[in-house]
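Presented below is the structure to which this report refers.
The values are calculated or read from the model by the stated rules, or taken from the named source; none is laboratory data. All figures in this text were calculated on a predicted structure; none of them were measured in a lab. Methodologically, a virtual Cβ is constructed for each residue, glycine included, from the backbone with ideal geometry; neighbour enumeration extends over all protein chains shown. Side chains included, ligands, DNA and RNA excluded: accessible areas come from the protein's heavy atoms. Shrake-Rupley method; radii C 1.70, N 1.55, O 1.52, S 1.80 Å.
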Amino acid sequence: MSRSTAETLLRLEREAWVLQEPGGQVRCALDGAAPAAALERLQPAGGLRGRRLRVRLADAWLRYLVVRWPQGVRSAAERAAFLAHRFAEVHGIASPDWVLAADRDAHDLPALACAAPAPVVAAVQGFAARHGCVLDGISGEFITAYNTLRRRFDEADGARAALALLRDGRLTVGMWAGGAWAGVRSQAVRDDGAAALRLMLEAWMRDAAPDARPTAQGAARAQPGGVVYAAGFAGELPAAWRRVDLGPAT
């Protein structure tokens, strides 16, 4: 494998940066410092020049939402403006302090959107430049888990399903139905997260509009509950929800 195709993973966890190198891990604790400042102290054990660098940010540092595009919002500028409006409305954050991004493939469906602190993004870019890496993407922990695990999802067409990701005391849950995102929430938990998950699912079920179409998808949505894909989540599920264990979060 050439150095140009070799990949190195850099993770921002709740309390540390972790660099996964071929020879092992290099860990740099935050020790109360801001993540951007702490990353300047991280020194790779080996050379990274020419390697691809992928970066994964723990959900504790991010903000998520599902954005539903209004009719008539089509251009990139219109979408950016509406996305900024929604993050300000829901989370009280805005650029230039935060970098906002949404699924670019979701044109007519609700899109999963994420915001990362701009200083963290800039620090990662600076780290890659200092060490001669090729920055090959920055992603959130939940989004990475969803993209990795989705090939194992098995819910019926149109049925409700959710991914419950629990890692380092943080529960992030996203729910969808018929290929469309219904909601996403992330919060710190001190237990197994069962109570928090139940409240999330109940809220989404209350907000869900009834679907009376005489189709297989409509019938699936009319059924109570759905499927919960559990990654690192071992808590009890509410009645009518079926568990599919996908192993611990990685």
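Remarks
- Computed E for Ala45/Glu202 - FRET, C-beta separation, R0 41 angstrom, nearest 0.05: 0.30
- Considering only alpha-carbon pairs that sit under 8 angstrom and 6 or more positions apart, the relative contact order computed for the chain is 17 percent.
- Accessible surface of the chain, 1.4 Å probe, proportion on carbon and sulfur as whole %: 51
- Heavy atoms of Met205: accessible area, 1.4 Å probe, square angstrom to 10: 60
- Of all DSSP beta bridges in the chain, antiparallel share, percent nearest 5: 65
- Sorting Phe82, Phe142 by solvent-accessible area of protein heavy atoms yields Phe82, Phe142, largest first, with a 1.4 Å probe.
- Distance (nanometres) between label positions extended 7 Å along Cα→Cβ at Asp192 and Arg152: 1.9
- Using the average count of surrounding beta-carbon atoms within 10 Å as a protection proxy, the listed peptides 43-50, 159-166 rank, highest first, as 159-166, 43-50.
- A 1.4 Å probe run over the protein chains yields, for the chain, 51 Å² of accessible area per residue, whole-number rounding.
- Hydrodynamic radius of the chain per Kirkwood, over alpha carbon pairs, in Å: 19.6
- For Cys28, the solvent-accessible surface with a 1.4 Å probe is about 10 Å², rounded to the nearest 10.
- Taking only alpha carbon atoms, the stretch 8-70 gives an Rg to Rh ratio of 1.09, where Rh is the Kirkwood radius.
- Net charge over other residues, Cβ less than 15 angstrom from the Cβ of Tyr64 (K, R count +1; D, E count -1): +3
- Among His107, His91, the sequence by solvent-accessible area, most first, with a 1.4 Å probe is His107, His91.
- Helices meeting the span-like rule in the chain (full DSSP H runs, Cα extent of at least 15 Å along the helix axis, mean Kyte-Doolittle score of 0.5 or higher): 118-130.
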